[in-house]
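The structure appears right after this line, and notes come after that.
The values are calculated or read from the model by the stated rules, or taken from the named source; none is laboratory data. Just so you know, these numbers come straight off a predicted model, no measurement behind them. When we count neighbours, we look across all protein chains shown, and the Cβ atoms used for this are built from the backbone with ideal geometry, even at glycine.
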Amino acid sequence: MIVACLLHIQMPMQPGSTVAMITPFDADTGKVNIHELKTLLQMHIAAGTKNLCILGTTGEANVVTKEERTLILKTAVEECKGQMTILAGTGTIDPAAVKSMTLEAMDLGCDASLVVTPYYVKPPQRYLIQHFITAADLGLPVVLYNVPGRTAVN
């Protein structure tokens with residue numbers, strides 16, 4: 001059943017480079033530096049990056065506030081929409097938060113979500129399946145982010 005569902009999903013990923021982008025912070029305030037974020041986004045457009053992952057592990061998703069998260073995704077979509085695929089990191093340990101963040105990414109215009117395997121709790125396979133189905137059922141294509149070395153499950 002799951003395989004049948006997955007076969008009908010058209011992933012928006014473009015052939016070419018995919019970059020897991022950092023999130024720049026101001027050294028003095030510790031806040032997200034939107035000016036530098038825009039500079040990095042423009043650099044990737046100029047370099048021909050085809051797919052950009054925003055707020056994945058490399059993007060410090062676990063340390064930004066909800067407001068910063070919204071601003072980062074909104075900025076990425078405004079700067080890059082139509083020029084590259086935007087994957088929004090929407091994965092975390094809490095299924096309700098995954099749902100909320102995935103819906104927001106969809107509302108903001110992101111092309112897909114990157115959902116990490118729940119970490120820390122070592123969930124059984126049946127829970128992993130349900131975790132990813134919960135995200136996929138929202139309608140935004142989902143890239144499964146499998147990091148067994150960090151999550152202790154595969």
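Side notes on the structure shown:
- Options 148, 118, 95, 124: the member that is farther than 28 Å from residue 45 by Cα and either polar (S, T, N, Q) or buried (at least 19 other Cβ atoms within 10 Å of the Cβ) (or both): 118
- The set of residues from segment 121-154 being within 17 Å of residue 56 (Cα to Cα) and among the aromatic types (Phe, Trp, Tyr) comprises 132, 145.
- Which listed residue, of 23, 58, 70, is at pLDDT 95 or above, surrounded by 11 or more Cβ atoms within 10 Å (Cβ to Cβ) and part of a loop (DSSP other than H, G, I, E, B): 23
- Filtered residues of segment 103-153 (kept if among the small types (Gly, Ala, Ser) and not in a loop (DSSP other than H, G, I, E, B)): 105, 112, 113, 135, 136, 149
- In segment 140-154, the residues that are under 20 Å from residue 88 (Cα atoms) reach residues that are polar (S, T, N, Q) and part of a loop (DSSP other than H, G, I, E, B) with C-beta atoms within less than 6 angstrom, at least six apart or across chains, in these pairs: 146/117; 151/117.
- Screening residue 78 with (1) over 16 Å from residue 53 (Cβ atoms); (2) of a type outside the set (Lys, Arg); (3) modelled with pLDDT under 95 gives one miss only, at (3).
- Filtered residues of segment 111-133 (kept if charged (D, E, K, R) and within 14 Å of residue 152 (Cα to Cα)): 122
- Candidate set from segment 127-142 (those that are in contact with a Cys (Cβ under 9 Å, 6 or more places away or on another chain) and surrounded by 17 or more Cβ atoms within 10 Å (Cβ to Cβ)); member that is farthest from residue 70 (Cα to Cα): 136
- Yes/no for residue 50 being basic (Lys, Arg) and either in contact with a His (Cβ under 7 Å, 6 or more places away or on another chain) or loosely packed, with under 12 Cβ neighbours inside 10 Å (or both): no
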